[in-house]
1. Looking at B:GLU43, is it under 25 Å from B:LYS162 (Cβ atoms), crowded, with 24+ Cβ neighbours inside 10 Å and of a type in the set (Asp, Glu)?
2. Name the residues in segment B:154-163 that are farther than 11 Å from B:VAL31 by Cα and either modelled with pLDDT of 95 or more or more than 11 Å from chain A (Cβ to nearest Cβ) (or both), would you?
3. List the number of the failed condition for B:LEU77; all other conditions in (1) touching a residue at least 40 places away in the same chain (Cβ under 8 Å); (2) surrounded by fewer than 24 Cβ atoms within 10 Å (Cβ to Cβ) hold.
4. Name the pairs: first residue in segment A:102-114 and surrounded by fewer than 19 Cβ atoms within 10 Å (Cβ to Cβ), second residue among the hydrophobic types (A, V, I, L, M, F, W, C), Cβ to Cβ under 6 Å, at least 6 apart or on different chains?
5. Restricting to strands (runs of 3 or more DSSP E) lying wholly in segment A:1-117: which have 2 or more residues that are farther than 22 Å from B:SER176 by Cα?
6. With respect to B:SER275, is the statement that it is modelled with pLDDT under 90, farther than 30 Å from A:ALA76 by Cα and within 14 Å of chain A (Cβ to nearest Cβ) true?
7. Does B:ASP144 count as of a type in the set (Asp, Glu), more than 14 Å from chain A (Cβ to nearest Cβ) and surrounded by 15 or more Cβ atoms within 10 Å (Cβ to Cβ)?
8. Going through B:ALA202, B:ALA231, B:ALA262 one at a time, which residue ends up being touching a residue at least 40 places away in the same chain (Cβ under 8 Å), away from chain A (no Cβ under 14 Å), crowded, with 24+ Cβ neighbours inside 10 Å and hydrophobic (A, V, I, L, M, F, W, C)?
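The values are calculated or read from the model by the stated rules, or taken from the named source; none is laboratory data. Here the structure is a predicted model, which means the values were calculated and not measured. Backbone-built Cβ (ideal geometry, glycine too); neighbour counts: all protein chains shown.
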Amino acid sequence: MTAPLLSLTGLTKAYPGVVANDDVSFDIRPGEVHALLGENGAGKSTLVKMIYGLVKPDSGQMLLNGVAFAPTEPRAARADGIAMVFQHFSLFDALNVAENIALGMEMPPPMRDLARQIRSVSETYGLPLDPYRTVGDLSAGERQRVEIIRCLLQDPKLLIMDEPTSVLTPQEVQILFETLRKLKSEGTSILYISHKLEEIRALCDQATILRLGKNVGACVPSETSARDMAEMMVGTSLQTPERSGRAFGEPAIELSGLSAASPSEFGTALKNIHLSVRKGEVMGIGGVAGNGQDELLAVLSGEIPEPSDAIKLMGQPIGRLGPNQRRALGLLAAPEERLGHAAAPDMSLTENALLTGAVREGLTSGGFLRWSAARGFAENIIQAFDVRTPGPDNAARALSGGNLQKFVIGREVLQRPEVLVVNQPTWGVDAAAAAAIRQALLDLAAKGAAIIVISQDLDELMEIADSFAALNEGRLSAPRPTAELSIDEIGLMMGGAHGMEVAHV
Amino acid sequence: MDLSAINPVLLIASLMVAATPILLAAIGELVVEKAGVLNLGVEGMMIVGAICGFAIAVNTGSPLVGFVAAAIGGAVLSLLFVLLTQVALANQVASGLALTLFGLGLSALMGQSYVGVKPPAFAKLDIPGISDLPVVGPILFSHDLVLYFGLALVAAVWAVLKFTRAGLILRAVGESHDAAHALGYKVVRIRTMAILFGGACAGMGGAYISLVRVPQWTEGMTAGVGWIALALVVFASWKPWRVLLGAYLFGGITVLQLNLQAAGVAVPVEYLAMSPYVITILVLVILSQQKSSAPAALGRIFHASQ
């Protein structure tokens, strides 16, 4: 057994009111792919931030190659051979690829040499990238390549990857894994954080599982089932959403020949979309982020007006109606971005409940707000969806991502929609909460609502959707029943690997 | 009406003088905004610079020392803005407006005993032979040092932002402070330095009014130049050379309309007086029609959580 590259002993970090890491110890050996597993709020991010020098531990120590290691800032960690690919990309949209990479380096060479280095590294590892493109124009997968190449140029001994595959197509994931395996064979260690247990089983040599800040166990992923790992993370046994056999009714919503320009500069226009979802049907819409998902939601919710006949709800043309008129008719939507789109961050949960619930729940009368009714509605959501918060007077911003997601979805589900459109319903939500949200969507469908789930999580779509269609560069493929589809076929429907060549390694 | 009384050579020479205060203030604010900070206190920092420079120049007899004092004065006042927005995380718009009001009041207090005093004259460049050349001489080679400094500063800011690592880091902080922080850059420190630089530039711009352009001290003598500088930065799409263009355009039309007034053109004075504002804004709006290039983090408060 080789000596560990990085050895953590008794790391503890407390924030006011919460212990993020409590006496965490484990070792990472050279050339090992080590998985860090845990639910939201289990303390994974805090732990890697300590290794990367962004957060100082309260107690405990780290040894790097047997020498005490206490980086005070990321620069020090990078100097010692630690590199990190962030969960939320730490890129600058207005700058080009080479500039972004230069910002992550200590002593960057002149731009022209750097551009050459970027090309050579990207060829070696099968990650094609043009150094002079503006990052704002890149796809999610390409952005991640920028981050990875930024790390690789520093010749790291330990590469930390925080949720790297959440935005990639299956083919892109394969390419990423090829790259990681090549790095591993060169002796680089990788600390890999993910929710996706099957990926961890395919890639990782060792796994450490965190729950509520504590190290609750280790396992060898290839020898442990995904279900066992999930139960170690959650601490209880896991419930899989139940799909009851449903008969589909009349078409509830129909889109025909719908096209729309994107309101944002880096967005994707929708091109000639046809879609029909029946009562009781869950339609899953997959695709890599930035292929028109946000635009599709905006068109359905009424944020982007359309020609009247392009959208029909129960046969009634509604293309020109705004969001509130559509809500009154039973078409509700929950957008992806929780803070700022689905919820107003600095307003209380009661106020947020009012914002979309006013029409259907009768929370206003004669232009005046009915505060007690609104509060009751908010309390209803909190109770029904197990939102963990001291009460409905708390600001939306104060909730953790997963809890706010439960609130946002619950708010729409409880309004008894005829048609519900959700974008990324379980993004950043831990396994137990995700299962609860999926179950709520299925229950709603069982009561006869039509549901459109836009998601990048294919496992999720396979689990709950009856039919699947893929968005690719603003075009929607013809829907197919999910039961007939394999992951590979879905990947191809999503547009394959977007012109990427498989790494020659 | 006698348009022949307008001498184009003198017109160009004096437009350069008229444009320099705006140019200095605007190029400083450009750096501040590129770092993602919106400081609306330019007017206040200018007028404090104007009185600091004026007082020190009168007392030491050296306008150059006066300019250094003006830069320090403007920077010290901007330190207050740093304290409010970078340390106390106060709203930048409100803090900037407060800074302007505070600067106007403070300068009036400081300048009470300087009303009616004449400052020492600034030496102009005089290269025998070259400065006496016809046309080129008066336009290019017979100004004071600060005017040349202003031009050099535009070139320097452009080059630093475009070609150096320091400039790249500054732009990165202005694009996304969270990402810059995650990479380990000291967002608050970088922004503080940018704000101080902006304050120093605004101070010098103010002193240029009180020492060169008008040579005297009167209360509120910057008369909105700081606001014009702020507008210039936006309409120039945060590009240094366009700031220069805008400043010269504004200065040029200001001087031209004064000349036209003197020549007795049959246009109401009010229209002539408003023409510099209207034309400058019009030209720059047309120039900046393509996509907005505002720094993405402009005016947003940075808080290093966790």
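1. no
2. Filtering segment B:154-163 down to residues farther than 11 Å from B:VAL31 by Cα leaves B:155-156, B:159, B:162-163.
Hits for segment B:154-163 are B:ALA155, B:ALA156, B:ALA159.
3. In the conditions (1) touching a residue at least 40 places away in the same chain (Cβ under 8 Å); (2) surrounded by fewer than 24 Cβ atoms within 10 Å (Cβ to Cβ), B:LEU77 misses (2) alone.
4. From segment A:102-114, the pairs are A:PRO108/A:ALA102; A:PRO108/A:LEU114; A:MET111/A:ALA98.
5. On the way: elements: A:6-15, A:18-28, A:33-37, A:59-64, A:82-85.
Output list reads A:6-15, A:18-28, A:33-37, A:59-64.
6. Details: modelled with pLDDT under 90: yes; farther than 30 Å from A:ALA76 by Cα: yes; within 14 Å of chain A (Cβ to nearest Cβ): no.
Criteria not met by B:SER275.
7. It is true that B:ASP144 is of a type in the set (Asp, Glu), more than 14 Å from chain A (Cβ to nearest Cβ) and surrounded by 15 or more Cβ atoms within 10 Å (Cβ to Cβ).
8. Within the list B:ALA202, B:ALA231, B:ALA262, the selection yields B:ALA202.
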